[in-house]
Amino acid sequence: MPFKKKAPEEPDFQNLPRHVAIIMDGNGRWAKAHGLPRKAGHAAGAETFRTIATYCKDIGLEYLTVYAFSTENWKRPADEVQAIMDLLKKYLREAIEKMERDRIKMRLFGDLSVLDEELLALCRETEEISERYEGFQVNICLNYGGRDEILHACKSFAEDCLSGKAVPSELTESGFSDYLYSAGVPDPDLIIRPSGELRLSNFLLWQSAYSELYFTDVLWPDFSKEELCRAIAAYQHRSRRYGGV
Ligand code: FPP
């Protein structure tokens, strides 16, 4: 909800971006700084996710997309990977219980085929419930990579061409978008990366063509509603020209 006092970084809540995407980075460094195991950083990061997602819904954003686990994150120690998967199960179970009441829709973007049965079933159930109604939508990128997504889309399109459902010369940018995991979701207006890293790390490569980028040194577990407002206010001062003048 809006701050009580008008702060310089207060955004215009009547003119919000439709879609904000976040690279939830810095959990490991946060844990180290607090003398805790990396798993504790992810647990703190998951709580921040809950706080920020709730706030995004309260202020009236339409879409929030978060990068929870990349196609490259399997390189991490097995116990850390397991800890992240367990957190995802915990939060998806919670979402399943509350999403109908709270009017939250969820989608998973990524190659889910390699997930364990339990997590896969939770992902499917979450998406099935979401199909029943409209509302604020959270997209969780899980085993997601921008390049992997584009490759997956190319393969699906090629198969449709082989079966006569599609014609190569008729493919448009918007038609190609329909083959992506994010089909039907507008491109992110604003991409936020906390923790001081200045790169996209294979996140939403196709969809980010005209996204505004916002970087902050704050580590994800410390990311707050005020920080989000700062990012949105900065976004509102940008001039989006999409290649025009
Ligand atoms: C990046 O920080 C974070 C991740 C790879 C995992 C993010 C996962 C969660 C926040 C928990 C589960 C998510 C949901 C949606 C419930 P890092 O570990 O790379 O941090 P570092 O760069 O400081 O080491």
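The values are calculated or read from the model by the stated rules, or taken from the named source; none is laboratory data. Please read these numbers as outputs of a predicted model, since none were measured by experiment. Here Cβ is always computed from backbone atoms with ideal geometry, including for glycine, and neighbour counts include all displayed protein chains.
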Q) What single numbered condition from (1) loosely packed, with under 13 Cβ neighbours inside 10 Å; (2) out of contact with any helix residue (DSSP H, G or I) (no Cβ under 8 Å at 6 or more places or on another chain); (3) in a helix (DSSP H, G or I); (4) of a type outside the set (S, T, N, Q) fails to hold for Gly35? A) (3)
**Q.** Pick from region 93-118, criterion outside any strand (DSSP E or B), under 21 Å from Ile22 (Cβ atoms) and among the hydrophobic types (A, V, I, L, M, F, W, C), ranking: modelled with the highest pLDDT
**A.** Leu112
Q: Kindly indicate which of Ile191, Ile232 is touching a Ser or Thr at 6+ places or on another chain (Cβ under 6 Å), closer than 20 Å to Ala53 by Cα and of a type outside the set (Phe, Trp, Tyr).
A: Ile191
Q.
Tell me the residue from Ala166, Ala153 that is in contact with a Phe, Trp or Tyr (Cβ under 7 Å, 6 or more places away or on another chain) and in a helix (DSSP H, G or I), please.
A. Ala153
Q) In region 60-81, how many residues are within 12 Å of the ligand (Cβ to nearest atom) and outside any strand (DSSP E or B)? A) 9
Q. Conditions: (1) of a type outside the set (S, T, N, Q); (2) under 26 Å from Ala121 (Cβ atoms); (3) surrounded by fewer than 17 Cβ atoms within 10 Å (Cβ to Cβ). Lys57 meets all but one. Number of the miss?
A. (3)
